[in-house]
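Notes for the one structure printed next.
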Amino acid sequence: MPAISILIADDFDDTRELLRLLLEAEGYVIREARDGREALAVARDQTPSLALIDISMPSLDGWGLLKELRADERTRSIICVAVTAFAANQDRQRALDAGFDAYISKPFRAKELIDLVKKFVRKDDDARNTDRAVGEGAS
């Protein structure tokens, strides 16, 4: 099975580095972007399985990035997780209502982040295996 690719979109170097170290230790292939425009280009070029998206980024914020990803056939199915310092219940609901698949607030616990990523990656992998099995059975 090929390695699972995750895009980290955050304008803070320290946050990207922390996320990268945590996720690489779990065996994920990491792509990074410093702002929304760079993240959009990486997503269109490399189509990661999951994207961790900071809401407050320069150039194109997380809301705008999500909108662009969902509008593009190539990137529509990427699992998008809002990673933000906005921690109120209404912020979480706003992110989910906007189309994010999940929400995690900063600061986060490493185990909480890893568990969330594993949950979504497992679902995505299960869906791909089901699609493959259906495709194989149709011949």
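Give the cross-link partners of Lys119 among the lysines, using a straight C-alpha distance below 21 Å as the criterion and excluding same-chain residues fewer than 8 apart.
Lys106, Lys111
Would you list Arg74, Arg37 from fewest to most Cβ contacts within 10 Å?
Arg74, Arg37
Neighbour counts of other C-beta atoms within 10 Å: give me Arg76, Arg31 arranged from fewest to most.
The order, fewest Cβ neighbours first, is Arg76, Arg31.
Could you tally the net charge around Val42, taking each other residue with its Cβ under 9 Å from the Cβ of Val42, Lys/Arg +1 and Asp/Glu -1?
-1
Readers should treat all values here as calculations from the given coordinates under stated rules, not as data from a laboratory. Keep in mind the model is a prediction, meaning the values are calculated, not measured. Note that each Cβ is placed from the backbone with ideal geometry, even for glycine, and that neighbours are counted across all protein chains shown.
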